[in-house]
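Chemist: Right, I'll just put the structure down here and ask away after.
No lab work stands behind these numbers, since they all come straight from the coordinates. Quantities reported herein were computed from a predicted structural model and do not represent experimental measurements.
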């Protein structure tokens, strides 16, 4: 990666998105941070600059097509190119029996976790083609390759991300764009902290289910994303990289 490369990271205001922004900045990549929270997004931009690269924040709701279009347009207007994207924005689900879930919850989760990834690729891919190709990583989860009771909508959304990833990877491979997904296990993020507030026992159980004996730091997932985006992963396409401390293999 050179200091001429440019990346978009959605959900870049905290957690894995923020860690990935800093990791890319250390590789000389300029980063456009997309998130709904302005203060936290601007804080990530400052961290990017402290790491040696340039950054810009664009307030974005990935479920809103106009917002996503404006994000990509702003990035290209600022840096005149787009090489990488980490479509990371997502929301979780409070553990609730399937029959007690609501249509509003279903729509909210699917709009962010699935539609948001689709919209992001829809506008990122043409810009990458314009400058000769690029690489995209979509955020799935260990939940994308397994079932889990009382979280059916979240589980379904992360399975859907893998379907989008594989299909888009095949469609745009010959355009010079590599598209892959990353599937973390438990990670110390704001989402997990919120889950702990809702159900502390669930989080402790989740922690114990990782054979490695702990939950990941965001930086450990960021390292995997940076590798998938880089030329070091030049023959990796349509792949789901589990970064889960053995959670799925147990």
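Chemist: Add -39500 (n - 2.57) for each DSSP H run of 4 or more in the chain, then divide by its residues: what number comes out at 222 nm, to the nearest 500 deg cm²/dmol? Could you put the intermediate results ahead of the total?
Modeler: Numbers: 9 runs with 114 residues, N = 250.
Helix contribution divided over all residues of the chain: -14500 deg cm²/dmol.
Chemist: Further question on the same structure: May I ask you to compute the full-extension gain from residue 37 to residue 223, defined as 0.36 nm times their residue separation minus their alpha-carbon distance, rounded to one decimal in nm? Intermediate results must be reported in sequence, preceding the final value.
Modeler: Details: separation 186, 0.36 × 186 = 66.96 nm, distance 2.40 nm.
In short, 64.6 nm is gained.
Chemist: For the chain, find the longest principal axis of its Cα atoms and tell me its angle to the long axis of helix 218-229, 0 to 90°, nearest 10.
Modeler: 50 degrees
Chemist: Of the listed values (1) 12.4; (2) 26.3; (3) 25.6, identify the label whose number matches mean projected area of the Cα convex hull in nm² calculated from this model.
Modeler: (1)
Chemist: Once both axes come from the Cα atoms, what is the angle between helix 65-79 and the longest principal axis of the chain, in degrees from 0 to 90, rounded to 10?
Modeler: 40 degrees
Chemist: Using only alpha-carbon positions, what ratio does the radius of gyration of region 1-101 give when scaled by 2.2 N^0.38 Å?
Modeler: On the way: Rg = 14.4 Å, N = 101, 2.2 N^0.38 = 12.7 Å.
This ratio for region 1-101 stands at 1.14.
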